[in-house]
Every structure is written in structure tokens, then in C-alpha cells.
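A.B. asks: Take this structure, written in C-alpha cells, and hold onto it; I'll ask about it next.
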Amino acid sequence: MEIQTVKLRYDGSYRVNDKWGVPNDPMNKDYQLVQEWIAEGNTPEEADPAPE
Amino acid sequence: MSKIQVNEIVNHFDTGAPDCPKGLTVTGVTTSVNISATNVSVIGVSTLGNVVVGGATTDLVVTGDARITGILTVGTASVTLNGNDGIISGINTVNDVSFPSTGPLSNRNLIINGAMNVAQRGTSNTGLTAGSYPTVDRFPWSLSSCGTWTSTQESDGPTGFSKSFKMLCTTADASPASTDYAVLQYVIEAQDLQHLNYGTSDAVPLTVSFWVKSNKTGNASFACLQYDASLRTFSKQYTINAANTWEYKTITIPADASGQFDDDNGQGLLLEWWSNSGTNYTSGSHPTTWTELVHGNRNASNIGIGQAVNDYFQITGIQLEVGTQATPFEHRSFGDELKRCERYFEKSYTYASPPGTTTSNGVLAGRKAAITSSLTNLNVRFGTRKRATPTIGLYSPDSSTEGLIKVDSSDITGNDQDTNEMGFWISSNPGGAANVICSAHYTADAEL
């Protein structure tokens, strides 16, 4: 997965490239990629409110 | 002690050899002796050659029952039969079939989908310029600026195999930059490697075997790394001898008393079959034991598949097992392999439909709440519990675009919610109309 955009979700997970739901789970390989992306100085977009 | 010196001893009828009803003891004989009797003790003879019991002429023939109260050693390969402990050891082949040197007789293969039978993501994937799981399950093609490739699950294999995994180069990289690479990989979950006892004096060796085919011949690299031991590395050279020909290869991986596999669901052991790379991975040499990470050792024998258009690397029948002996491939049923693969990847589509296929077959469908809401009433329970919380891909049944679901007749953004190893539910954003039908496909990816 090549990361272009990351948006936080209300539960701490991420929506990546406006396509994929990446969980807040250190054992998930895509979560690890998001953390590397953040460590490179990138910042995720703010989360939308929780669904009603 | 008295001494008898005669030329001949006969029975008292002078018709033949003497009868010895209480047995006969012969000592001090160092060369051949012919004895025919019951209750015979031979003492002081270190080597018996051409011992004939019962009148036969081969080296040793016992026409009745026989018993050896000690350990029988046969030949020079240390094949021993220990009747006291019920142990037979040193046997490598039975009825022309190789036998494990240690470990179980079933469930020997630590590789899932080693026969390349399962391909949930599809059987063909073109234009690959970055790493991915392109076709067959559990086998990623790791790629960094090293050409363009087409991946296929081929209906071609050596005897006994109907499928194989093929990577075909469509844009070559004749001179890879130092950091470029193209390599087939496989990762084993750490908790599935505890029985190897790495990090202890009881660590056991492994043997990997596989069938490989390529248009290129020469030396190539196989490598493996331990994630939980600072990427301790072992690599070894194998040779592709003939072009466009299936060849069987075996490589023994030594035990590592200094290694480590955490007892968890994370990455444990990485296996690599190198195709092409730059000098960062080729500058070293192949060690004879596990060593601290040296990237240059990983592809010290760079065969260079991908340095010309139409180069290809094809492989199947991958087996990794405990011990130093490669045994015949342990074929498992398609259903068994598919279930094992689903711990790492699952989809709602029918098996033959790759994710993104425009189809309603297998789609989740439900009616949204009667109020304007983002709740879709689409709840997913995975067919197989996942290794870890998976990455979720959502698709409208009318579109190949990821991240969308169908609400009424429109495709709008969908999100997985409360995702865990067992399932999730789907929300729509914006909510869209209420009290309408909504539907979606999904993929759940928990690969290592």
C-alpha cells in the first residue's frame, strides 16, 4: 500500500487514500505503514463525527 | 590343562562329525571355522565372515526366528534397530519415498498454499511497479523500482502440481540502482514457529524444498530473516541449471540457538526467493550459519531475472519442514488451503471474482433505517477469524472503485466500523436517503 492521504476516524482508526479502513491495531501491517508515514512528518486529516 | 592333538574327530560310529549333546565351545579361532550344531558358543572371534546357519550360502541366513538382544547396526550410514527401546533410526527412504529425519509425518509443511492453488485476489495482475499480493494467496511480490511485472497463477507445474505462481517482466531493469529489488516473499506467523526452539540449544534445522522454472539459468539466492531477532539472516545459493524446465531444489536452513520467535501473532520468519536487485543486496556472501543482518548477503547470488523483457520466475510446491530431509510435498485439499488462507485474507465475492468485480453475487444487502441515518444495517461476520484486526476494503457491486458502497441507486462513501478479528459493520457517509436498499462487497486483509 502506497500512502497518499490519511484521515483519522472517530474510533482512532484511519481511512487511507480515501479507500481503505485501517484499524488501530499495531499487529496490522497497514497500521504500521501509517505510523511510518506519520513518523516521516505527515499529519492525518481530522476525523468526522461518529455515525448516528 | 591337558591337550589333544589329532588329525580328525569323528563320532563313535565313524560315520561323520562328532555329536555334541552338551554343546561345543571353540576358543582362539581367528580365521574361518565351519560349525554345524545347536547350542554353539563362539568366543574370542572378533569378526565372523560368511556365517551360514541352516545351510544357505549368503553371508548370514537364519532360517528360523532370530533375536539380537543388543542394537543392530546396518551398513555404514548408522542405520540402527534398537529393539530394547523400540527405536529405528537413520532411515531416509522407505519404498523410494523420502522420510522425515525428525518431526511429524503429517502437517509437516509450514507453508500455506505452497502448491499455489488458492488465488482469491485473481489469477492475473498486470503493470505491477510496486510491491503487493498480486495473485496467489500468501505470496507477496516485493518490488521497489525494479521493472514492471505481470503476475499470473499458471495452470502449469511439474508432475503432481496443477498450479504455479509466475512473475513475468514486461519492462526490464538491466542495471538496478543500489536500493532496487524484486523478490518473492513469504512470512510465517511467529506463534507457529515455537516448536523450532530458536534461541535455545534445542533449536532444530529446517529444510525448504520447491520447484522452480525460469528462462534464465545460473545461481540464485534464497534468504530468510527472523523479525523478532533483529532480522538475523541466513541465505544460500541454489542453481537453475536448464532454461524453461521445472527443477526441484532443496535447501537446509541451520538451527539458530541465538534466534528468537515471539509467541504472538506477528511476523516470525521471512522467506525470500530473489529475482533481481541492486548492490545493497548483492554485495555480500552467503553465510554458513545465521548471522546478524547483512543486507548484502540476502541476494549474494543475483540471477538477474528481470534484467530483460520476458524474463520470468515461476515456482510451486514450496514446502518448509523441520529436519534436514526434504520429504515429498504434503498436498492438502483446496478447501483446507483456502480456509488457512482466509486467516489472512477474505472477500465477500465468489471465489472466481476478484475484488472490484462488478457483480451482485455474494454482496451484502440490507435496508437502511427508516430515519435519515448513516446506519446501513450491513453487518459482517467473517467466515474465518483473522490473524489481527484487518484492513477493510469496501466496494459497490456496481463499481470497481474501493471505498464506496451502494445506497439506493448511488455509490457513496462507506466506512467499516468497530472492526475486529471477527467482523465489522458498515456506515455510509454522507448518510444518504433512509429506508432504501444498500449493498456492499468487502475485503478483509490481515496479511503479515
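Derivation of every value follows stated rules applied to the coordinates shown; laboratory data play no part. The model shown is predicted, which means the values in this text are computed figures rather than measured ones. Here Cβ is always computed from backbone atoms with ideal geometry, including for glycine, and neighbour counts include all displayed protein chains.
A.B. asks: Dipole size in debye (nearest 20) for the stretch B:277-426 around its Cα centre, Lys and Arg Cβ +1, Asp and Glu Cβ -1?
C.D. replies: That gives a dipole near 320 debye.
A.B. asks: Rounded if a/c is under 1.5, else prolate if a/b beats b/c, else oblate: with a ≥ b ≥ c from the C-alpha gyration tensor eigenvalues square-rooted, which is chain B?
C.D. replies: Prolate, since a/c reaches 1.5 and a/b exceeds b/c.
A.B. asks: Turning to a different aspect of this structure: Within the stretch B:293-312, what residues put their amide N at less than 15 Å from the label point 7 Å along the Cα-to-Cβ vector of residue B:175?
C.D. replies: Residues B:307-308 qualify, since their backbone N sits under 15 Å from the label point.
A.B. asks: Using 1/(1 + (r/R0)^6) with R0 = 30 angstrom and r between the beta carbons of residue B:215 and residue B:351, what's the FRET efficiency to the nearest 0.05?
C.D. replies: Plugging the Cβ-Cβ distance into 1/(1 + (r/R0)^6) gives 0.45.
A.B. asks: A further question on this structure: On the principal axes of its Cα set, how long, how wide and how thick is the stretch B:306-448? Give whole Å, largest value first.
C.D. replies: 66, 38, 23
A.B. asks: Something else now. Taking the Cβ of each residue in B:116, A:1, B:167 as the centre, tally the other Cβ atoms inside 10 Å and list the residues starting with the fewest.
C.D. replies: Taking fewest neighbouring Cβ atoms as first place, the list is A:1, B:116, B:167.
A.B. asks: Of B:404, B:81, how do they rank once you tally other Cβ atoms within 10 Å and put the fewest first? Mind showing how you got there, number by number?
C.D. replies: Values: B:404 22, B:81 15.
Neighbour counts put them in this order, fewest first: B:81, B:404.
A.B. asks: Follow-up question, since we're still on this one. Which one, B:13, B:254, B:429, is farthest towards the positive end of the dipole of the protein assembly as shown when Lys and Arg carry +1 and Asp and Glu -1 on their Cβ?
C.D. replies: B:13
A.B. asks: Measure off 7 Å from each Cα along the Cα-to-Cβ vector at residue B:62 and residue B:381, then give the distance between these two points in nanometres to one decimal.
C.D. replies: 6.3 nm
A.B. asks: Using amide H atoms built in the peptide plane, which far-off residues or other-chain residues are under 5 Å from residue B:154 H to H?
C.D. replies: B:164, B:165, B:166
A.B. asks: Still on this model: Taking the Cα centre of the protein assembly as shown as the origin, how large is its charge dipole in debye, to the nearest 20, when only Lys and Arg (+1) and Asp and Glu (-1) carry charge on their Cβ atoms?
C.D. replies: 800 debye
A.B. asks: Roughly how crowded by other chains is peptide B:407-419, in terms of the mean Cβ count from those chains within 10 Å of each of its Cβ atoms?
C.D. replies: For peptide B:407-419, the averaged partner shielding equals 3.
A.B. asks: Can you tell me the mean projection area, over all orientations, of the convex hull of the protein assembly as shown's alpha carbons? Units nm², please. Numbers along the way, then the final one.
C.D. replies: On the way: hull surface 138.0 nm².
For the Cα atoms of the protein assembly as shown, the hull's average projected area reads 34.5 nm².
A.B. asks: Using a Cα-Cα cut-off of under 26 Å, which lysines could be cross-linked to residue B:166, ignoring same-chain neighbours fewer than 8 residues away?
C.D. replies: The qualifying lysines are A:29, B:213, B:216, B:236, B:249, B:339, B:347.
A.B. asks: Also, I was wondering about something else. Only Lys, Arg, Asp and Glu count, each charged at its Cβ (+1, +1, -1, -1), so figure out the dipole size of chain A about its Cα centre, rounded to 20 debye.
C.D. replies: 120 debye
A.B. asks: Could I ask something else about it? For residue B:3, go through the lysines and keep the ones whose alpha-carbon is under 26 Å away, minus same-chain ones fewer than eight residues off.
C.D. replies: Within the straight-line limit of under 26 Å, residue B:3 reaches these lysines: B:22.
A.B. asks: For the residues B:416, A:18, B:96, A:25, what sequence is obtained by ranking on other C-beta atoms within 10 Å, fewest first?
C.D. replies: B:96, A:18, A:25, B:416
A.B. asks: What spacing in nm lies between the two simple spin-label points modelled at residue B:132 and residue B:106, each 7 Å away from Cα in the Cβ direction?
C.D. replies: Taking the simple label geometry, residue B:132 and residue B:106 are separated by 3.9 nm.
A.B. asks: Also: Taking 7 Å along the Cα-to-C-beta vector as the label spot, tell me the residue B:263-residue B:291 distance in nanometres, rounded to one decimal.
C.D. replies: Once both label points are built, they end up 3.3 nm from each other.
A.B. asks: Sticking with this structure for a sec: Please compute the Kirkwood hydrodynamic radius of chain A from all pairs of different C-alpha atoms, in Å with one decimal. Provide the component values of the computation, followed by the final result.
C.D. replies: Values: mean 1/r = 0.0905 Å⁻¹.
Answer for chain A: a Kirkwood hydrodynamic radius of 11.0 Å.
A.B. asks: Tell me, how many Å apart are the Cα centres for the stretch B:120-172 and for chain A?
C.D. replies: 28 Å
A.B. asks: Between beta-carbons, use under 15 Å as the cut-off and find the net charge around residue B:436, counting Lys and Arg +1, Asp and Glu -1. Spell out each step's value before the answer.
C.D. replies: Numbers: positive: B:367, B:368, B:406; negative: B:398, B:408, B:411.
That sum, taken over residues with Cβ under 15 Å, equals 0.
A.B. asks: Could you give the semi-axes, largest first, of the ellipsoid that matches the stretch B:250-307, computed as the square roots of 5 times the alpha carbon gyration tensor eigenvalues and rounded to whole Å?
C.D. replies: Semi-axes from the Cα gyration tensor: 24, 14, 11 Å.
A.B. asks: At q = 0.09, 0.18, 0.21 Å⁻¹, what log₁₀ I(q)/I(0) does a Debye calculation on the Cα points of the stretch B:143-269 give, no solvent, two decimals?
C.D. replies: -0.34, -1.15, -1.27
A.B. asks: Still on this structure: At a Förster radius of 51 Å, what calculated FRET efficiency corresponds to the Cβ-Cβ distance of residue B:2 and residue B:96, to the nearest 0.05?
C.D. replies: Here the calculated transfer efficiency is 0.25.
A.B. asks: What is the sum of charges around residue B:225, taking Lys and Arg as +1, Asp and Glu as -1, for the other residues whose C-beta is under 15 Å from the C-beta of residue B:225?
C.D. replies: My count for the surroundings of residue B:225 gives -3.
A.B. asks: Residues with amide H under 5 Å of residue B:436's amide H, sequence separation 5 or more or different chain, H placed in the peptide plane at 1.01 Å from N; which?
C.D. replies: B:368
A.B. asks: For the stretch B:209-348, what does the alpha-carbon gyration tensor say about shape, rounded, prolate or oblate, given a ≥ b ≥ c as the root eigenvalues, a/c under 1.5 as rounded, and a/b over b/c as prolate?
C.D. replies: Oblate shape, in that a/c is at least 1.5 and b/c is the bigger or equal ratio.
A.B. asks: In addition: Looking at the stretch B:373-414, which trypsin sites (Lys or Arg not before Pro) are in a loop (DSSP not H, G, I, E or B) and have at most 16 other Cβ atoms within 10 Å?
C.D. replies: Details: sites: B:381, B:385, B:386, B:387, B:406; in loops: B:385, B:386, B:387.
Filter output for the stretch B:373-414: B:385.
A.B. asks: Sum -39500 (n - 2.57) across every DSSP H segment of at least 4 residues in chain B, then divide by the residue count to get the 222 nm mean residue ellipticity, nearest 500.
C.D. replies: Per the formula, -500 deg cm²/dmol.
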